[in-house]
Amino acid sequence: MPAASTVSTTYLELSQEGEGAHKFYEVTVADQTVTVRYGRIGAAGQTQTTSFASTAKAQAAASKKIAEKVRKGYAPAVPGQRAPRAVTRRQVASAPSTARAVAPVLWRFRTGSSAFGIHVDDDHCWVGNQAGDVYTLDHNGGVLARFQLPDGVKCLVADDFWIYAGCDDGSVYDLSSKLPFAAYDIAADVDIFWLDIHEGVLNVSDREGRLTVIDHEDEHQWARRSQGEHAWMVRADDRAVYHGHTGGVTAYAPDGGGELWHTPTRGGVLFGWQEDDAVYAGTAHRAVQRLSKATGAVEATYACDSPVYSCATSPSGRFVFAGDAASSVYCFDRDGTRLWKLGTGGGSALSMQYRDGRLYLVTTDGSLVCVDASETAISAAQRGTVPQARDVKLAAALPTYAPATAATAVATVTRVPAGAVVVECVQDGGRLRVHVVSEGYDASWNVQFPRAIRQPGARYVVDALHAAAGGFYRVRGDIRLLR
């Protein structure tokens with residue numbers, strides 16, 4: 001008769017007053033296996049499981065992990081006794097539109113929960129909602145796939161052709177392949193409002209008016225507190241990180257070198273957009289303001305009739321669009337002249353993006369809405385003629401994907417397919433990193449790789465790797481374990 005399995009669990013918490021950390025760390029040893037679970041107190045957190053050659057080695061590894069956390073201030077605790085830190089979910093009001101006409105909506109997809117996240121690229125439309133669902137659609141409204149994430153989606157951002165979802169649980173998930181994974185884990189004391197990623201560097205704005213910057217290896221770089229709170233805007237490029245909050249917009253040097261400029265805006269900033277030479281701040285005092293990236297000077301103001309929840313532009317800022325709290329959408333010329341105002345036909349637009357003559361909105365009622373923003377369609381709408389909006393339905397057998405975890409059944413291969421790339425998990429200065437094994441790559445560069453499935457010495461096969469600015473590789477395509 002086999003011996004009964006021995007299981008021991010150590011649960012630690014680090015909770016500091018005020019704006020300090022508020023997170024847990026749990027280590028479970030079951031025979032030769034060590035499972036670590038960590039994250040924000042009250043959340044499910046992330047899990048990583050590692051197998052060892054013997055029970056003694058597993059126990060030694062667990063003891064080392066626990067000792068490291070205790071030295072950092074963690075202490076034994078009882079799960080559930082300490083209340084989780086509150087996560088701010090944006091509370092918005094949406095009044096009926098006062099516009100005389102309704103926008104020419106081509107199609108509408110109802111996600112079932114209030115939606116903030118949107119991204120539109122050459123092939124897909126992405127929408128993420130407060131229930132943790134991210135859907136991809138084609139430009140005609142056909143639903144292609146669904147990603148089920150553990151918590152509400154704050155926003156969707158793209159960095160080249162990688163797409164990321166920032167969630168209430170503090171994780172930022174890479175959705176660029178069929179197996180989404182947590183690429184960044186934001187500190188538990190950061191109450192995320194918005195984020196942006198530029199060349200692998202994550203920029204996070206939060207409830208307290210802070211800006212936190214994290215590199216591609218999920219390591220904290222620097223942080224600043226701006227002159228306001230409730231920072232709903234962060235945008236980044238090579239020259240600066242642009243942080244919008246209740247006190248206006250502040251630009252910081254991307255290396256953390258300090259403030260470049262600060263500009264008070266007409267009301268607190270509720271949303272932000274950027275083009276090459278300007279940032280656009282949608283404000284609570286019924287305006288979008290265009291600021292010079294070089295100096296912070298206000299170059300134009302686009303006056304609306306209600307607080308502005310979202311804004312966007314056509315390429316180079318030729319046209320400026322805004323969505324307000326009264327379910328209306330506006331278009332202005334570059335200089336600030338209002339060209340039209342139309343009702344959305346539903347809720348207020350919480351985020352928006354213009355692409356190829358269409359304006360895509362995500363609204364307070366959880367819909368992704370495609371508006372025909374061509375001159376012909378808008379002129380017809382102003383005369384009262386609009387197309388019959390098509391309600392998009394979910395396919396009966398919709399492909400659905402969940403994030404990679406230690407329990408996820410990652411496909412296993414015994415040989416390397418032609419054209420694939422081999423990477424290996426290695427210990428480096430106390431961190432478990434991933435380096436390239438295949439020839440033709442810089443072996444000193446790290447690979448941005450799912451932390452939840454990393455195991456010391458494990459090798460994985462990926463479809464392709466792409467070099468990113470800053471000296472690291474990103475995964476493209478599927479990930480398979482090499483046996």
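Of the options 163, 109, 352, report the single residue whose Cα projects farthest towards the positive end of the charge dipole of the chain (beta-carbon charges: Lys, Arg +1; Asp, Glu -1).
It is 109, whose Cα lies furthest towards the positive end.
Pop a pseudo-label 7 angstrom from the Cα along the beta-carbon direction at both residue 397 and residue 253 and give the gap in nm to one decimal.
5.8 nm
Quick one: if you take sqrt(5λ) for each eigenvalue of the C-alpha gyration tensor of the range 410-476, what semi-axes come out, biggest first, whole angstrom? Let's see the in-between values first.
Numbers: eigenvalues 60, 49, 21 Å².
They are 17, 16, 10 Å, listed largest first.
Using Cα positions and a limit of under 12 Å, work out the aspartates and glutamates in reach of residue 65, with same-chain residues fewer than 8 apart set aside.
Qualifying aspartates and glutamates at Cα under 12 Å: 26.
In Å², what does the accessible area per residue of the range 70-208 work out to with a 1.4 Å probe?
On the way: 5260 Å² over 139 residues.
Per residue, the range 70-208 has an accessible area of 38 Å².
Taking 8 Å as the Cα distance limit and 6 or more residues as the minimum spacing, I'd like the relative contact order of the chain as a percentage.
Working: 1317 pairs, mean separation 66.9, N = 483.
Computed over the chain, the figure is 14 percent.
Using unit Cβ charges (K, R positive; D, E negative) and no other charged atoms, how large, in debye to the nearest 20, is the dipole of the range 383-449 about its Cα centre?
Values: 6 positive and 5 negative charges, 99 e Å.
Value, rounded to 20: 480 debye.
Put a dot 7 Å past each Cα toward the Cβ at residue 239 and residue 75; how far apart are the dots in nm?
Distance between the two pseudo-spin positions: 5.0 nm.
What residue among 78, 140, 304 has its Cα farthest toward the positive end of the dipole of the chain, where the charges are +1 on Lys, Arg and -1 on Asp, Glu, each on the Cβ?
78
Which of the listed residues, 234, 24, 337, is farthest toward the dipole's positive end in the chain, when Lys, Arg count +1 and Asp, Glu count -1 at the beta-carbon?
24
At a 10 angstrom cut-off on C-beta neighbours, averaged per residue, how do the peptides 365-371, 150-156 rank from highest to lowest?
Details: 365-371: 25.3, 150-156: 22.4.
Highest-to-lowest ranking by the protection proxy: 365-371, 150-156.
For helix 55-71, what angle does its Cα long axis make with the longest principal axis of the chain, in degrees from 0 to 90 and rounded to 10?
Result, in degrees: 50.
Please give me the summed charge of the neighbours of residue 95: other residues whose Cβ is under 15 Å from its Cβ, Lys and Arg +1, Asp and Glu -1. Could you put the intermediate results ahead of the total?
Numbers: positive: 286, 341; negative: 305, 324, 365.
Residues near residue 95 contribute -1 overall.
Restricting to DSSP H runs of at least four residues, report the calculated mean residue ellipticity at 222 nm for the chain, -39500 (n - 2.57) per run over all residues, nearest 500 deg cm²/dmol. Don't skip to the answer; put the middle values down first.
Details: 2 runs with 25 residues, N = 483.
My calculation for the chain gives -1500 deg cm²/dmol from helical runs alone.
Could you tally the net charge around residue 476, taking each other residue with its Cβ under 14 Å from the Cβ of residue 476, Lys/Arg +1 and Asp/Glu -1?
Counting the neighbours of residue 476, the net charge comes to -2.
Rounded to the nearest 20 debye, what is the charge dipole size of the chain about its Cα centre when +1 sits on each Lys and Arg Cβ and -1 on each Asp and Glu Cβ?
Values: 48 positive and 52 negative charges, 213 e Å.
The dipole magnitude comes to about 1020 debye.
Summing Lys, Arg as +1 and Asp, Glu as -1, what charge do residues with Cβ under 10 Å from the Cβ of residue 164 carry, residue 164 excluded? Before the final figure, lay out each step's value.
Working: positive: none; negative: 159, 174, 196.
Neighbourhood net charge equals -3.
Whenever you get a sec, compute what percent of the accessible area on the chain sits on carbon and sulfur atoms (1.4 Å probe).
Working: 9680 of 20210 Å².
Result for the chain: 48 percent of the exposed heavy-atom area is carbon or sulfur.
Quick one: work out the % antiparallel among DSSP beta bridges in the chain, nearest 5. All intermediate terms of the calculation are to be shown ahead of the outcome.
Numbers: 147 of 158 bridges.
Of the beta bridges lying entirely in the chain, close to 95 percent run antiparallel.
May I ask you to order 164-173, 411-420 by the average number of other C-beta atoms within 10 Å around their residues, highest value first?
Numbers: 164-173: 24.9, 411-420: 10.4.
Result, highest mean first: 164-173, 411-420.
Arrange the peptides 46-56, 71-81 so that the one whose residues have, on average, the most other Cβ atoms within 10 Å appears first.
Numbers: 46-56: 15.1, 71-81: 11.5.
Per-residue mean Cβ counts within 10 Å order the peptides as 46-56, 71-81.
Under unit Cβ charges (Lys, Arg +1; Asp, Glu -1), what dipole magnitude, rounded to 20 debye, does the range 233-337 have relative to its Cα centre?
On the way: 8 positive and 12 negative charges, 43 e Å.
For this selection, approximately 200 debye.
With 31 Å as the limit, write out which pairs from 64/178; 23/293; 293/393; 57/154; 178/393 have Cα-Cα distances beyond it, or answer none.
64/178; 23/293; 293/393; 57/154, as the Cα separations exceed 31 Å there.
Percent antiparallel among DSSP beta bridges with both residues in the range 439-483, to the nearest 5?
75 percent
The values are calculated or read from the model by the stated rules, or taken from the named source; none is laboratory data. This is a predicted model, so every value here is computed, not measured. Heads up, the Cβs are rebuilt from the backbone with ideal geometry, glycines too, and the neighbour counts pull from every protein chain shown. Surface areas here come from the heavy atoms of the whole protein model, side chains and all, with no ligands, DNA or RNA. Shrake-Rupley method; radii C 1.70, N 1.55, O 1.52, S 1.80 Å.
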